[in-house]
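Contents: one structure, followed by commentary.
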Amino acid sequence: MSEKILEIENLTVNFDGFKALNNLNFHLNKGELRVIIGPNGAGKTTFLDVITGKVQPTQGRVLFKGKNLKKSPEYKIARLGIGRKFQTPRVYLNLTVKENLDLVTNKNKNVISTLFSKPKKEEKTSVLSLLETIGLSTKAHLKAALLSHGEKQRLEIGMLVAQSPDLLLVDEPVAGLTDEETENVGNLLIALAESHSIIVIEHDMEFVRQIAKQVTVLHQGTVLCEGVMDEVQNDPRVIEVYLGQ
Ligand code: ADP
């Protein structure tokens, strides 16, 4: 049986009487790439907020690598190995691409010492291979401010990966990207899925089709259905929910 990296049991989140999540059950196997879709207000962001400890569940529990995350603060959950990529890129615009990666690779040092000390050999190798993975080797010495939106997204994904998370949560990584940039981000996520467990929230159905093997549809705070893309997009319940928007 596949090892579960994330198990979510009977999760409910109540905001002043409104159930943003309602008795939601979900699991992700180790090494799986799952895309979560659902209409606006379905509870997708709240779902990620609970996993990362930003929002506490009213009921139910979240187990990560078998450990109950109950009441764990965000920084502790991040340290346990959950990395989150928000929709807008959060990179240091005045630093070069490589310096951005150096910073997170040396996360136990302070910013100044990272920028002025020589990185160890293994840190150098990992940054170089990461630059290659994210397709930014030729732009390593360019200030991040000069990157396109799609390149910034890839850089931030690289910064997350540099922190060696076991689970990557990626929120709408291709909103506002060109077709080519969208495809690049998709290929990056597919490559990363060979060595990481990943959950992606996405609206762009072409992109979902590009990257997803398994799709989970959320609606009204719970799982409406799950399956491969072809099954899901032909499911009458999904069609009704999307047409009803
Ligand atoms: P999605 O990301 O799928 O669009 P959200 O998780 O952002 O959905 O929101 C789910 C529902 O919960 C929405 O109806 C939203 O208005 C509501 N909601 C989200 N956060 C809060 C909050 N802090 N207080 C009250 N209602 C909230």
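None of the figures in this text is laboratory data; all of them are computed from the coordinates on show. The model shown is predicted, which means the values in this text are computed figures rather than measured ones. Cβ: placed from backbone, ideal geometry, glycine included. Neighbour counts: every protein chain shown.
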Discussion item. For the chain, take the longest principal axis of its alpha carbons; what is the angle in degrees between that and the long axis of helix 179-192, to the nearest 10 within 0 to 90?
Written reply: 90
Worksheet item: So for the pair S148, M205, with labels modelled 7 Å out along Cα→Cβ, what separation do we get in nm?
Response: 2.6
Practice prompt. Measure nothing fancy, just the Cα-based angle from helix 121-133's long axis to the longest principal axis of the chain, in degrees from 0 to 90, nearest 10.
Written response: 50
Worksheet entry | Rough spin-label spacing in nm, given labels placed 7 Å along Cα→Cβ, for N187 and R90 | 2.9
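Cα-Cα over 18 Å: which of K44/K85; K85/K213; K85/K143; K44/K71; K19/K213? Don't skip to the end; give the middle numbers.
Working: K44/K85 14 Å; K85/K213 20 Å; K85/K143 20 Å; K44/K71 20 Å; K19/K213 29 Å.
From K44/K85; K85/K213; K85/K143; K44/K71; K19/K213, over 18 Å: K85/K213; K85/K143; K44/K71; K19/K213.
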Discussion item. Please list, by residue number, everything in the stretch 48-87 whose backbone N is under 18 Å from a paramagnetic label point 7 Å out along Cα→Cβ of N14.
Written reply: 50, 55-62, 71
Item to complete: Report the one residue of Y92, Q210, G135 whose Cα lies farthest in the direction of the positive end of the charge dipole of the chain (charges on C-beta: Lys and Arg +1, Asp and Glu -1; origin at the Cα centre).
Response: Y92
Worksheet item: If r is the Cβ-Cβ distance from Q163 to I239 and R0 is 35 Å, what FRET efficiency results, to the nearest 0.05?
Response: 0.35
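Please give the charge dipole size of the chain, origin at the Cα centre, charges +1 on K and R Cβ atoms and -1 on D and E Cβ atoms. Round to the nearest 20 debye.
On the way: 30 positive and 30 negative charges, 288 e Å.
Charge dipole of the chain: 1380 debye, to the nearest 20.
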Worksheet entry | Integer Hz, Karplus 6.51/-1.76/1.60 couplings in order for the stretch 79-87, x for Gly and Pro | 5, 5, x, 10, x, 10, 9, 7, 4
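If packing is taken as the mean number of other Cβ atoms within 10 Å per residue, what is the order of 70-83, 205-218, highest first?
Numbers: 70-83: 15.3, 205-218: 19.4.
The packing order, highest mean first, is 205-218, 70-83.
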Discussion item. Starting from 0.36 nm per residue, how many nanometres of slack lie between N23 and K67 once their C-alpha separation is accounted for?
Written reply: 13.9 nm
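Kindly state, to the nearest 0.05, the FRET efficiency for K76 paired with E231, given R0 = 30 Å and r defined as their beta-carbon distance.
On the way: r = 37 Å, r/R0 = 1.24.
FRET efficiency, K76 to E231: 0.20.
Label the chain by shape, choosing from rounded, prolate and oblate, from the square roots a ≥ b ≥ c of the eigenvalues of the Cα gyration tensor; if a/c is under 1.5 it is rounded, and otherwise prolate applies when a/b is larger than b/c, oblate when it is not.
Details: a/c = 2.05, a/b = 1.51, b/c = 1.36.
It comes out prolate by the Cα gyration axes.
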